[in-house]
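Heads up, the thing below is written out as structure tokens.
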Protein chains: 2
Amino acid sequence: KKNTKISRAWWRLPKPEAPAAEGAHFSSPCSSLQMGWGDLGVYGEPSRETPNLDRMAAEGMLFPNFYSANPLCSPSRAALLTGRLPIRNGFYTTNAHARNAYTPQEIVGGIPDSEQLLPELLKKAGYVSKIVGKWHLGHRPQFHPLKHGFDEWFGSPNCHFGPYDNKARPNIPVYRDWEMVGRYYEEFPINLKTGEANLTQIYLQEALDFIKRQARRHPFFLYWAVDATHAPVYASKPFLGTSQRGRYGDAAREIDDSIGKMLEVLHDLHIADNTFVFFTSDNGAALISAPEQGGSNGPFLCGKQTTFEGGMREPALAWWPGHIAAGQVSHQLGSIMDLFTTSLALAGLTPPRDRAIDGLNLLPALLQGRLMDRPVFYYRGDTLMATTLGQHKAHFWTWTNSWENFRQGIDFCPGQNVSGVTTHNLEDHTKLPLIFHLGRDPGERFPLSFASAEYQEALSRITSVVQQHQEALVPGQPQLNVCNWAVMNWAPPGCEKLGKCLTPPESIPKKCLWSH
Amino acid sequence: KKNTKISRAWWRLPKPEAPAAEGAHFSSPCSSLQMGWGDLGVYGEPSRETPNLDRMAAEGMLFPNFYSANPLCSPSRAALLTGRLPIRNGFYTTNAHARNAYTPQEIVGGIPDSEQLLPELLKKAGYVSKIVGKWHLGHRPQFHPLKHGFDEWFGSPNCHFGPYDNKARPNIPVYRDWEMVGRYYEEFPINLKTGEANLTQIYLQEALDFIKRQARRHPFFLYWAVDATHAPVYASKPFLGTSQRGRYGDAAREIDDSIGKMLEVLHDLHIADNTFVFFTSDNGAALISAPEQGGSNGPFLCGKQTTFEGGMREPALAWWPGHIAAGQVSHQLGSIMDLFTTSLALAGLTPPRDRAIDGLNLLPALLQGRLMDRPVFYYRGDTLMATTLGQHKAHFWTWTNSWENFRQGIDFCPGQNVSGVTTHNLEDHTKLPLIFHLGRDPGERFPLSFASAEYQEALSRITSVVQQHQEALVPGQPQLNVCNWAVMNWAPPGCEKLGKCLTPPESIPKKCLWSH
């Protein structure tokens, strides 16, 4: 009865699990913006500077085969909170074929009102929800997180790029709840030269305060969406220069330390065994920013912006003492969208029945070590680029970026080059997909022979799943098509009190240009 | 007073440690021939199929920065047993510049009598030594392991290549102690089609029998040198087809399982706290055999045969319950040659004083978590290709293989291509070395800018160490220059009893040809 929309798809769901004890808390630190699979010690990072996350893994369950919903942050975050692929929830573009699309402050779109977000749904079970950090699902008034179910917000609507001159472009505001409390590079300084910024400490404090306040009151949902590992990478003074990995490592260490402190507080408040905590990332490491400002995707191919494993396979750790047994590894194919459905299940709720939901309830994997068959779809904008089923991944289209971009030095796969795979033309393989076995060849270097029985068998299984998916697919209204400089963060709510309102330019909507 | 030869070099040694309790046993399973850094779960292998090695790491100390002495098996093994670089102990060639050199059965050379091997030295402290598996330090009578300190041997003198026709080439013999007991593909079958062979099980039994026999008698040294992960990769029936990683994974799982059984026996015999166990590999994964018969070097560049990190950085685990604290990670730069010096220290012995020893006593790192400054030298044949000091690695020469080889499909870096680094000419950078920071850039993708202060400082430190090294260097007589089909394993000792003697061809010594 539960998850009827899911059971319309081809995979079978196990019998629904009993929800967790009433009033379970859960925080889902989808932190570490574009932290890569290979950035945690427990995933093989050679410097091994994430002792808290490594301990979290040792005390919980590690997922080596866990995926974001997109190789880009906004669409992936929209998918996390809706349990739906970006192609359904609107976080994509149709301005050109297979284009990634960003969510800069000139974007007109955002999360549609028709989407039901996790915190909205959790309200029904009495949950209080807070987002700390980057929202990135639209910055215009109708997209405000407190209009989409969150009760509290401390953070920013867009990336911490800048500094801007507040004339051609305003600096990005930082909000507390409904109103801005300052702007990046102004009240919230980021020193681009030294990399110093106090933001992770502020975000940590916000999280700890919220946890402490809620611990004895309501069940809570905390979405800790920090961004220190996104260029421009930053860390606070005590962490700067402490990593063997440079500034990126400093930022990762500070995030790791913060998560350690949060788990400690859960223990101190005696709610650890009643709090489900999940750590993951929104897309693969941005190798274009490496080595100083980009992380590691371990043995995987390429990074952010691509639909190779490096672009979408993520570190993922689940922690729930007394419920999830310590030291486990689950080979369940997981998705950031599963956090939506799993969180609802934890709260004793079911996902909306009037729409397709892509997220799976992971509780059978988490609590009983079960494996559920399910596909992973790798979209780039409007285009299904690849699909993984079991160990086989089929690429229907391959593309990194254009030759023009590449010749300018924009490289999504530095040091990597797989002939016919990391292509600089958008190559159509739909008639004869490239298929890799991800167990034998996690780095996607050796396509199966088209003539092999293994290829034929894998192709037939994947084709059938893809057909079902595409036949049932109702694409959402694309949100990332229109840009307009007038909609930027000129005069966010609260700017009057601070004397920080700026005058927008003339409204000129135009088609956004996305080069890859 | 100890290690005087080492203190001639530039680094300072800590005060010598007290040797371990009299009569310490140690087995050093330098197993997993060309198993790569990325092949263990604890090093981030996504399929995570090495639970026993992962547990060994959790109960002991993991070294993320541990190196073989050469990107090839024989020289690396010669270095392990002598504590000396191949350039000193003779396991190299001068037939051409910077050539790797193999030890096929037509090789005339082997370990010189002038070298003092670990088991020879351990005799002075009453140790009984056994080698199980591949010796590979020469197969002619004077090179026999029992002439170089081992008391027992079960295994082969060369790689398990074949099957040969016993006319142009004989199949490789398997020895028990002084005499052959059969040949590969004859008495010791390896099914190249299915990958089935019982050899790891035989080697495991040999190890367990030796441990049980010696446990209550003498202190022992066991060198468990298995080769299932070297192409042609094999596994026994219970393991075949069980891995998510294909045949290579099956072999790795069987090795992992065997190590679990050995550690269990040490516990059962109540000698675990008196036995030092070390796991490492002799060179990086052979990517040329990937994906079916080659492993993974994780995030590192290229593989076997190269002096990039993928060719020489190795998995390394130390285990000694009650002495080495559980769950530690040491960032000590370590070398397979350190096992020589460390093992001597454990036995209360000092290394020979009449020759240069490259191995360091790791006990301060193992027992007190200390870090000792020391260089890592990356040789290819007669040529110092690169040197690491601290986090900086300088490449003086770069080469993968020739354009000719490469065009024939011989690729040591499949899917990887770092412009100006993974070169197909032997490029001379001695005047202006390429320098990488291995903490920020473990994949050697982003050379430091020649103009940077960091480059200048690193270059100056490395240059000084290299000068000292080269000024003091006395190269050994090269052993891998001369080949002769007459010296092959035609009539090994014991062949008469088995009726398996073959007639050698005419003796024609010739210069061995090494193409890369």
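Any idea which of B:LEU344, B:ILE107, B:GLY162 is furthest toward the positive side of the dipole for the stretch B:41-373, if Lys and Arg beta-carbons carry +1 and Asp and Glu beta-carbons -1? Towards the positive end, the residue furthest out is B:ILE107. Spin-label point model (7 Å from Cα, Cβ direction): what's the B:LEU473 to B:ARG176 distance in nm? The modelled label-to-label distance comes out at 4.4 nm.
Once you keep just the Cα pairs under 8 angstrom separated by 6 or more residues, what percentage relative contact order results for the stretch A:385-472? Display every interim value, and only then the final one.
Numbers: 111 pairs, mean separation 27.2, N = 88.
This gives 31 percent for the stretch A:385-472.
Each peptide in A:115-121, A:80-86, B:86-92 gets a packing score, the mean of other Cβ atoms within 10 Å over its residues, and the list from highest to lowest is A:80-86, B:86-92, A:115-121. Shielding value for B:438-447 is 6, the average number of Cβ atoms from other chains within 10 Å of each residue's Cβ.
Shielding of peptide A:290-299 by partners, expressed as the average count of other chain Cβ atoms within 10 Å per residue Cβ, is 5. In this Cβ point-charge picture (+1 for Lys and Arg, -1 for Asp and Glu), the stretch B:385-472 has a dipole of about 120 debye about its Cα centre.
Where both bridge residues fall in the stretch A:41-373, DSSP classifies roughly 50% of the beta bridges as antiparallel.
How do A:246-255, A:452-461, B:328-337 rank on mean C-beta neighbours within 10 Å, highest first?
Highest mean packing first, the order is A:246-255, B:328-337, A:452-461.
What is the local net charge at A:LEU287, summed over the other residues whose Cβ is closer than 9 Å to its Cβ (Lys, Arg +1; Asp, Glu -1)? Net charge in that neighbourhood comes out at +1. Toward the positive end of the charge dipole of the stretch B:394-516, with +1 on the Cβ of Lys and Arg and -1 on the Cβ of Asp and Glu, the farthest Cα among B:CYS501, B:HIS516, B:GLN416 is that of B:CYS501. Residue of chain B with the smallest Cβ distance to the axis mapping B onto A, distance rounded to whole Å: B:GLY44, 1.
Under a 5 Å amide H cut-off, with hydrogens placed 1.01 Å from N, B:TYR175 pairs with B:GLY155, B:SER156, B:VAL181 among residues at least 5 apart or on other chains. Amide H contacts of B:GLY494 (H built 1.01 Å from N, in plane; Pro and chain starts excluded): B:MET180 sit under 5 Å, all sequence-distant by 5 or more or on other chains. DSSP bridge analysis restricted to the protein assembly as shown gives an antiparallel fraction near 65%, rounded to the nearest 5. A cut-off of 5 Å between modelled amide H atoms, ignoring neighbours fewer than 5 places along the same chain, links B:GLY90 with B:GLY476. Of the trypsin sites (Lys or Arg not before Pro) found in the stretch A:134-241, the ones in coil according to DSSP and having at most 11 other Cβ atoms within 10 Å of their Cβ are A:LYS167, A:LYS193, A:ARG216, A:ARG217.
Compute the Cα gyration tensor for the stretch B:115-210, then decide on rounded, prolate or oblate, letting a ≥ b ≥ c be the square roots of its eigenvalues: rounded whenever a/c is under 1.5, prolate when a/b is larger than b/c in the other cases, and oblate in all that remain. Verdict is oblate for the stretch B:115-210. Add +1 for every Lys or Arg and -1 for every Asp or Glu among the other residues with Cβ under 13 Å from the Cβ of B:LEU269, and state the total. Here the charged neighbours net out to +1. In this assembly of identical copies, the label point of A:PRO504 (Cα plus 7 Å along Cα-to-Cβ) is separated from its counterparts by 9.0 nm, sorted shortest first. Charging the Cβ of each Asp and Glu at -1 and of each Lys and Arg at +1, and nothing else, the dipole of the stretch A:41-373 about its Cα centre rounds to 460 debye.
B:GLN477 label point (Cα plus 7 Å toward Cβ) to equivalent points in the other copies: 8.7 nm, shortest first.
Note down the net charge around A:TRP37, summing +1 for each Lys or Arg and -1 for each Asp or Glu among other residues with Cβ under 11 Å from its Cβ. That sum, taken over residues with Cβ under 11 Å, equals -3.
Let me spell out the model: positive unit charges on the Cβ of Lys and Arg, negative unit charges on the Cβ of Asp and Glu, origin at the Cα centre of the protein assembly as shown. What dipole size does that give, in debye rounded to 20? Don't skip to the end; give the middle numbers.
Values: 98 positive and 98 negative charges, 2 e Å.
Dipole of the protein assembly as shown, to the nearest 20 debye: 20 debye.
The distance from the alpha carbon centre of the stretch B:265-316 to that of the stretch B:327-375 is 18 Å, rounded to a whole number.
Once a ≥ b ≥ c are taken as the square roots of the eigenvalues of the Cα gyration tensor of chain B, is the result rounded (a/c under 1.5), prolate (a/b larger than b/c) or oblate (a/b not larger than b/c)? Please report the intermediate quantities before stating the final value.
Numbers: a/c = 1.33, a/b = 1.13, b/c = 1.19.
Here chain B falls in the rounded category.
Rounded if a/c is under 1.5, else prolate if a/b is larger than b/c, else oblate: which is the protein assembly as shown, with a ≥ b ≥ c the root eigenvalues of its Cα gyration tensor? The partial results should precede the final answer.
Numbers: a/c = 1.89, a/b = 1.81, b/c = 1.04.
Judged from the Cα gyration tensor, the protein assembly as shown comes out prolate (a/c at least 1.5, a/b above b/c).
Each copy carries a label point for B:PRO189 at 7 Å from Cα along the beta-carbon vector; from one copy to the others these points are 7.7 nm apart, nearest first. Add -39500 (n - 2.57) for each DSSP H run of 4 or more in chain B, then divide by its residues: what number comes out at 222 nm, to the nearest 500 deg cm²/dmol? Value at 222 nm, helices only: -6500 deg cm²/dmol. Here the 3J(HN,Hα) profile of the stretch B:269-285, calculated from phi with Karplus coefficients 6.51, -1.76 and 1.60 at θ = phi - 60°, is 7, 6, 10, 4, 7, 10, 10, 8, 10, 10, 10, 7, 10, 8, 6, x, 4 Hz, Gly and Pro shown as x. The string of couplings for the stretch B:385-397 from the Karplus curve (6.51, -1.76, 1.60, θ = phi - 60°) is 7, 7, 9, 10, 9, x, 8, 9, 10, 10, 9, 8, 9 Hz, one whole number per residue in order, with x for Gly and Pro.
Averaged over its residues, how many other protein chain Cβ atoms are within 10 Å of peptide B:34-42's Cβ atoms?
Across the residues of B:34-42, the mean count of other-chain Cβ atoms within 10 Å is 2.
In a fully extended conformation the segment linking A:LYS167 and A:PHE450 would gain 96.2 nm over its present Cα-Cα distance, using 0.36 nm per residue.
Dividing the mean sequence gap of close Cα pairs (under 8 Å, 6+ apart) by how many residues chain A holds gives a relative contact order of 26 percent.
We did not get these values from a lab; they are worked out from the coordinates using the rules stated. Computed from a predicted model, the values in this text were never measured in an experiment. Every residue, glycine among them, receives a Cβ derived from its backbone with ideal geometry; neighbour counts consider all protein chains shown.
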